[in-house]
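The values are calculated or read from the model by the stated rules, or taken from the named source; none is laboratory data. Here the structure is a predicted model, which is why all the values come from computation and not from measurement. No Cβ is skipped: glycine too gets one built from the backbone with ideal geometry, and neighbour counts run over all protein chains shown.
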Amino acid sequence: MELTGDGPPADVSTHCRRELMHAVWTILLDDDFLYAYEHGIIILCPDGVSRRFYPRIFTYSADHPEK
Amino acid sequence: MAIDTAATDENITLELELEHEAPLPNDTSQNPSHFQPSVETDPEINAVGRPVRKKRLTWKLLQQLPAPPSPLSEPLTAFEGIEPISKTSLPSCDSEVVWKAIKTTENSFGLYREYPHIPTHNPDDTLCLLNLVDHSPPINETELSASVSTPLTLNSSSSNAASFFPFKNSTIFGMMSWMWTGSSMKSIGEMKKLVDFLKSNDFKKDDLAMFDIHAETTKFDNYLERPATDNLQDGWRESEIIIQVPDGKIHSKDSIPTFKVPGFHHRSLVNVIKAAYSDPASTSFHYMPFKSFWKDSSTPESVPQRVYDELYSSDAMIEAHMKLQQQPPELGCALERVIASLMLWSDSTHLANFGTASLWPVYLFFGNQSKWVRGKPKTASCHHVAYIPKVSSGYSI
């Protein structure tokens, strides 16, 4: 690191990875998604009926590399 | 073997009526677990002089073919006024939205379902035996349910005008395609391909007036090596992630040192959802969750047991659905409100058994689909929505 001159210690790396995951989800759950969560989005389904879909997350399996 | 025994009386039944439902025919092949051997008669003697052993059908022969769930009959408007007997799954019932326990009849395995309202779309109506078995069907079976096996095609909307890009027309496209694909040596096969192309309507002699193979190839190379940001039509975007890093010193809020991680490719979740739910393959999706029950038909007084087999028969989905129905609707919108259930995975993988190339994708699956379909790779049920860049341990800012 330019600031300290050494490589980052292990717990800083872990911190960075955690921050990375959180930042990733901040980007993925964008305004469009949050709007859809609240108000739903209208989609024309293949059976010809339009429905208002509200996305809901039911499962999230993540492997979080510790190192 | 009659698979649709229970579906012969296709009425929507209430819980009370279930007690009086005609018992399944007393056929031992229907209830293999309760098989009773018939009364022993005097054993016959075979040619050798030994008693002939009474032959009983093995489990494999007794085993029933998988049966689809019983169909729900056409909605009867008269049913709407009948009060439900079973309780809702939510504790608060003061709103008008109640759980109308609309039950299907039991199928041959004793399974039945209970819907909260009459479903507007039941994908299981179109299930046939081929959808329920694991082995691939014999060649002469042509009745494969297309809705279950067709893979999703997300980028299916490409107009004709853009399809020859970066080449001007179909002629140049075809010539370049012939030149740069297939074998690099002259052969009869390559000749055939070329002649077929020249005979087709895609080839027009006038288009080749200014054709220069070097120029076209250079154009093609430039197209292939264009920077990634040009790929907007796929919906993939590339962003930089900025994370805050501690360096052991005290900082004010604005001057915390940050570390930029570039190369985060992702696409809009909403677009993926829209594309998937409007695709024809989504006819296999369930929009309305239900409770699944099993009733032991050999003992009529047994209590039906709840069966949890899919995300759309789970309490979580049912709760989310009821909560959504009780929420005030959007202004001026009378459309059916439905849950799009998302299942997310992220997993870092190595791309090959050698080297260090690796990816860390985020996958999206839809819980509205049956797990039996979702788990099959050829149904293309998995959607990649992001690739997380790795932060290597040897980084320096």
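General observations
- Scanning segment B:279-310 for residues that are over 17 Å from B:Ile339 (Cβ atoms) and touching a His at 6+ places or on another chain (Cβ under 6 Å) yields a single hit, B:Ser298.
- Qualifying positions in segment B:374-386 - surrounded by fewer than 18 Cβ atoms within 10 Å (Cβ to Cβ) and either in contact with a strand residue (DSSP E or B) (Cβ under 8 Å, 6 or more places away or on another chain) or under 22 Å from B:Phe290 (Cβ atoms) (or both): B:Gly375, B:Cys382, B:His384
- Of all the listed residues (B:Pro116, B:Pro123, B:Pro166), the sole one being at pLDDT 65 or above, touching a strand residue (DSSP E or B) at 6+ places or on another chain (Cβ under 9 Å) and not β-branched (Val, Ile, Thr) is B:Pro116.
- Scanning segment A:48-62 for residues that are out of contact with any Cys (no Cβ under 8 Å at 6 or more places or on another chain) and either at pLDDT 90 or above or at the interface with another protein chain (Cβ under 7 Å from one of its Cβ atoms) (or both) turns up A:Val49, A:Ser50, A:Phe53, A:Tyr54, A:Pro55, A:Arg56, A:Ile57, A:Phe58, A:Thr59, A:Tyr60, A:Ser61, A:Ala62.
- Every pair of residues 6+ apart whose Cβ atoms lie under 9 Å, when the first sits in segment A:22-47 and is at the interface with chain B (Cβ under 7 Å from one of its Cβ atoms) while the second is of a type in the set (Asp, Glu) and assigned to a helix (DSSP H, G or I): A:Ile41/A:Asp32
- Looking only at segment B:333-363, residues that are at pLDDT below 80 and part of a loop (DSSP other than H, G, I, E, B) come to 8 in all.
- When B:Ile318, B:Ile339 are checked against the criterion of being at negative phi, among the hydrophobic types (A, V, I, L, M, F, W, C) and within 11 Å of chain A (Cβ to nearest Cβ), a single residue qualifies: B:Ile339.
- Scanning segment B:176-209 for residues that are of a type outside the set (Ser, Thr, Tyr) and within 18 Å of B:Asn222 (Cβ to Cβ) turns up B:Met176, B:Met179, B:Trp180.
- As for segment B:290-306, it holds no residue that is facing chain A (nearest Cβ under 10 Å) and crowded, with 20+ Cβ neighbours inside 10 Å.
- Condition met for B:Leu224 (surrounded by 14 or more Cβ atoms within 10 Å (Cβ to Cβ) and of a type in the set (A, V, I, L, M, F, W, C)): no
- Of all residues in segment B:259-271, those being touching a residue at least 12 places away in the same chain (Cβ under 8 Å) and within 10 Å of chain A (Cβ to nearest Cβ) number 8.
- Flag for B:Pro329 being within 28 Å of B:Tyr387 (Cα to Cα), at the interface with chain A (Cβ under 10 Å from one of its Cβ atoms) and modelled with pLDDT under 85: no
- A:Pro65 vs. criteria at pLDDT 90 or above and at the interface with chain B (Cβ under 7 Å from one of its Cβ atoms): no
- With respect to (1) more than 23 Å from A:Tyr37 (Cβ to Cβ); (2) of a type outside the set (Gly, Ala, Ser); (3) touching a strand residue (DSSP E or B) at 6+ places or on another chain (Cβ under 9 Å), the lone exception for B:Gln325 is condition (1).
- Conditions (1) surrounded by 20 or more Cβ atoms within 10 Å (Cβ to Cβ); (2) more than 30 Å from B:Ile388 (Cα to Cα); (3) in contact with a Phe, Trp or Tyr (Cβ under 6 Å, 6 or more places away or on another chain); number of the one not met by B:Ser341: (2)
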